[in-house]
Amino acid sequence: MKEETKSLPIPEGWEFAGYENGEVKIRRVEQELPTDYEKALGAVRVSEIRSLLVPRGMHGAVSALCKLLIYRNAWWEKLGWWPIWGCMDIKYCIGTTDENDKVQLFTTMKDNRILAFPTAEVRDKFAEAFRDLIEEAKKLL
């Protein structure tokens, strides 16, 4: 008897996990989201502005915010997600509130926020990875 084999395509974002009880098992591959600045820069298009004027005392906050936007865009690109603010989907955000100067993790459906993400898990991972930059930029969030 001639042995036959079949090939099954594995969807992008998944990998072969084994064979058990007559079933092929696959598992979701953890998406690698860049936390290295060079990798993040390679994932997004950037423009250089040589004569950017920054108010006195805000250079650190502006610089931190620019880096956060590079990371955020790289993560959005990897995730294939961009917020649609007119849509009433929940967005998971990082920012500050009017009541205090503390960084908050929250959800919104309509408020445009610079640091918005598709899931609480991704938002929390971003907040943890870039805690120092977020703290530096918080007055601009």
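Bear in mind that the values in this text are calculations on the coordinates, not laboratory data. Since the model is a prediction, treat every value here as computed from it, not as a measurement. Because the Cβ atoms are built from the backbone with ideal geometry, glycine has one as well, and the counts that use them run over all protein chains shown.
Under 8 Å for C-alpha pairs, at least 6 residues apart: give me the relative contact order for the chain, rounded to a whole percent. Walk me through the numbers before you get to the answer.
Details: 166 pairs, mean separation 30.1, N = 141.
In percent, rounded to a whole number, it is 21.
Rank the residues ILE114, ILE49 as a footprinting-exposure proxy: fewest other Cβ atoms within 10 Å of their Cβ go first.
Details: ILE114 14, ILE49 8.
Least crowded to most crowded, the residues run ILE49, ILE114.
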Label-point separation, ASP132 to LYS2 (7 Å along Cα→Cβ), nm = 6.4
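Rank these for me by crowding, PHE130, PHE16, going from fewest to most other beta carbons within 10 Å.
Details: PHE130 21, PHE16 11.
By the 10 Å Cβ count, ascending, the order reads PHE16, PHE130.
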key: Magnitude of the charge dipole, the chain, Cβ model with Lys/Arg +1 and Asp/Glu -1, debye to 20   = 480
query = What order do you get for LEU53, LEU140 when you list them from fewest to most C-beta neighbours inside 10 Å?
reply = LEU53, LEU140
inquiry  = Can you compute the helix-only [θ] at 222 nm over the chain? Use -39500 (n - 2.57) per DSSP H run of at least 4 residues, normalise by all residues, nearest 500 deg cm²/dmol.
reply    = -9500 deg cm²/dmol
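Sorted by average packing, counted as other Cβ atoms within 10 angstrom per residue and highest first, what order do 68-76, 121-129 take?
68-76, 121-129
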